[in-house]
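J.: Once you've had a glance at the structure underneath, I'll fire off some questions.
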């Protein structure tokens, strides 16, 4: 494996891992709220978080530029305060992967949390436990399989993220060229040998993660 | 000391309006399915909110619509045993029981746990999961979990209905023992005529969301106040009485 392939692989794993950590934190919280709470605009929130699943990644990327670009409504303030912009850094690749992978986590975790027996939650309340304790000791442990499956799916999706990453992080060799972007460049320049190596590697990794997601989503209890 | 319930609740076209009071005794809420017995229990526990009314335990209001009092179920200290027992499938017997010891001082928890394990005959099962123990053992775990923090009231929502008869007879005797050991109001919901006759100090008969009659089982069974009560207490599975006649004596 030559050094640029190795760099792309390492960057891809790093981006996907960091994005997945945020996906777990945000995704489980949002999934819990959607599954267990009633509030105004709940279904609108679900639609908003699910959109990146069906929108072309370029559209998602476009919105992210509007929000986080140097002149974006959030990015502008960050730039004014720090002189730094997330655009064209590997953090941008994390952000793009996070947004695109998040719906997979929310969908899977919401279903798993909704499947937890209502009586078990009531039992926890009658035994004196607060909602937060009930969530961490009863609901989330019983939804663990779904949450793990969602995390693995999100990781696999983050690993394969291309469109939004290209718009937000660019395709800078040795800096932001994750495996999907590197494959795009290699194919464009006719370097089929190296491209096919990466294609096979990425396919194997994705297959492995899907297999793991299936294994973990089987319920034990 | 005791439990006072005076609640009204409309839910999905069903209209509950019931009012009764008991002391430290075993009361049975008896009636057909859908008479409002389980709903009453959920209102007492705080799992559902009455439209209006008052619920008092040991003289302290848990719910009072005129005063705006509505203590959440976490802070009511009512032991509740669910029809399906609702044991936590991912916790061992020991962890299930300890989960009920919320608010018990750390150094006392283990002492109470071993006391519970001893008196509920759960020795050697501490580290088993609910799926690995028998139906009767699960029942005893559910009771131990509900009682370990010494609740003010014990609420039982048809806990024996899924058991086969020999085990049910055993569990009835077990409940009467609990009633003796814990001097608190115990409310048992049932549609089983044998339980209604043999178990309670006070029998409260429900029909269509209303309390039809309240009294000792002898009073109610020998003097049913309405046609509905008469029909209930002469229900056709009456013959099973002989299988449990020894319990009350």
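J.: So for the protein assembly as shown: antiparallel DSSP bridges make up what percent, rounded to the nearest 5?
T.: Working: 26 of 44 bridges.
Given both bridge residues lie in the protein assembly as shown, the antiparallel proportion sits at roughly 60 percent.
J.: For segment A:79-133, what class follows from the C-alpha gyration tensor (a ≥ b ≥ c being the square roots of its eigenvalues): rounded when a/c is under 1.5, otherwise prolate if a/b is larger than b/c, else oblate?
T.: Note, shape of segment A:79-133 comes out oblate.
J.: Further question on the same structure: Can you give the relative contact order of segment B:1-156 as a percent, counting alpha carbon pairs under 8 Å and 6+ residues apart?
T.: Once divided by the residue count of segment B:1-156, the mean separation gives 23 percent.
J.: Let me ask something else about it. Can you pull the percent of Cα pairs in the protein assembly as shown with separation above 44 Å? Display every interim value, and only then the final one.
T.: Working: 38425 of 110215 pairs.
When all Cα pairs of the protein assembly as shown are counted, 35 percent exceed 44 Å.
J.: Over segment B:91-150, what is the relative contact order in whole percent, taking alpha-carbon pairs under 8 Å and six or more residues apart?
T.: The normalised contact order for segment B:91-150 reaches 57 percent.
J.: Right, something else. For the Cα atoms of chain A, what angle does the longest principal axis make with the long axis of helix A:3-36, in degrees from 0 to 90, nearest 10?
T.: 20 degrees
J.: Regarding chain B, what are the three Cα extents along the principal axes, ordered largest first, in Å?
T.: 52, 49, 32
J.: Which of the three applies to segment A:117-221, rounded, prolate or oblate, going by the alpha-carbon gyration tensor with a ≥ b ≥ c and a/c under 1.5 meaning rounded?
T.: It comes out prolate by the Cα gyration axes.
J.: So for segment A:3-217, averaging the separation of alpha carbon pairs under 8 Å that are six or more residues apart and normalising by length, what relative contact order in percent results?
T.: The value is 31 percent.
J.: Sticking with this structure for a sec: Once the Cβ-Cβ distance between residue A:14 and residue B:126 is put in as r, and R0 is 56 Å, what FRET efficiency do you end up with, to the nearest 0.05?
T.: So, using R0 = 56 Å, E works out to roughly 0.80.
J.: Further question on the same structure: Cβ neighbours within 10 Å, averaged per peptide: list A:170-179, A:53-62 in order, most packed at the top. Intermediate values should be presented prior to the final figure.
T.: On the way: A:170-179: 18.8, A:53-62: 16.4.
Those peptides, ordered most packed to least, come out A:170-179, A:53-62.
J.: Classify segment B:31-111 as rounded, prolate or oblate, taking a ≥ b ≥ c as the square roots of the eigenvalues of its Cα gyration tensor: rounded when a/c is under 1.5, otherwise prolate if a/b is larger than b/c and oblate if not.
T.: It is oblate, given that a/c is not under 1.5 and a/b is not larger than b/c.
J.: Out of all Cα-Cα pairs in segment B:142-242, roughly what percent, to the nearest whole number, are more than 19 Å apart?
T.: 45 percent
J.: I want to verify the translational diffusion coefficient of segment A:3-217 in µm²/s; compute it with Stokes-Einstein, Rh as the Kirkwood radius over Cα pairs, at 20 °C and 1.002 mPa s.
T.: Reported coefficient: 116 µm²/s.
J.: Hey, if you drop one equal point scatterer on each alpha-carbon of segment A:1-64 and run the Debye formula without solvent, what base-10 log of I(q)/I(0) do you get at q = 0.18 Å⁻¹?
T.: Treating every Cα as an identical point scatterer, log10 I(q)/I(0) equals -0.85.
J.: Another one. Could you give the angle, 0 to 90 degrees to the nearest 10, between helix A:192-217's Cα long axis and the longest principal axis of the Cα atoms of chain A?
T.: Tilt relative to chain A: about 0 degrees.
J.: Let me ask something additional. Per residue of B:114-124, how many C-beta atoms from partner chains lie within 10 Å of its own C-beta, taken as a mean?
T.: Values: counts 0, 0, 0, 0, 0, 0, 0, 0, 0, 0, 0.
So the per-residue partner count for this stretch is 0.
J.: Follow-up question, since we're still on this one. Can you give the average number of partner chain beta-carbon atoms within 10 Å of each beta-carbon in peptide B:87-97, as a whole number?
T.: 3
J.: Helix A:90-114 versus the longest principal axis of chain A: what angle, 0 to 90°, nearest 10, using Cα atoms?
T.: Once rounded, the angle reads 30 degrees.
J.: Now, a different point. With the alpha-carbon atoms as the only input, what is the per residue convex hull volume for segment B:91-150 in Å³?
T.: Per residue, the Cα convex hull of segment B:91-150 comes to 68 Å³.
J.: When Cβ neighbours within 10 Å are restricted to other protein chains, what is their mean count per residue of peptide A:127-139?
T.: Numbers: counts 19, 14, 6, 4, 2, 0, 3, 1, 0, 0, 5, 6, 0.
That average works out to 5.
J.: Among B:187-200, B:168-181, B:72-85, A:21-34, what's the highest-first ranking by average C-beta atoms within 10 angstrom per residue? Present the calculation step by step, with values, prior to reporting the outcome.
T.: Numbers: B:187-200: 23.1, B:168-181: 16.5, B:72-85: 20.8, A:21-34: 19.3.
Ranking the peptides B:187-200, B:168-181, B:72-85, A:21-34 by packing returns B:187-200, B:72-85, A:21-34, B:168-181.
The numbers here are math on the coordinates, done by the rules we state, and not lab data. Quick caveat, the model's predicted, so the values are computed rather than measured. Virtual Cβ from ideal backbone geometry, glycine too; neighbours counted across all protein chains shown.
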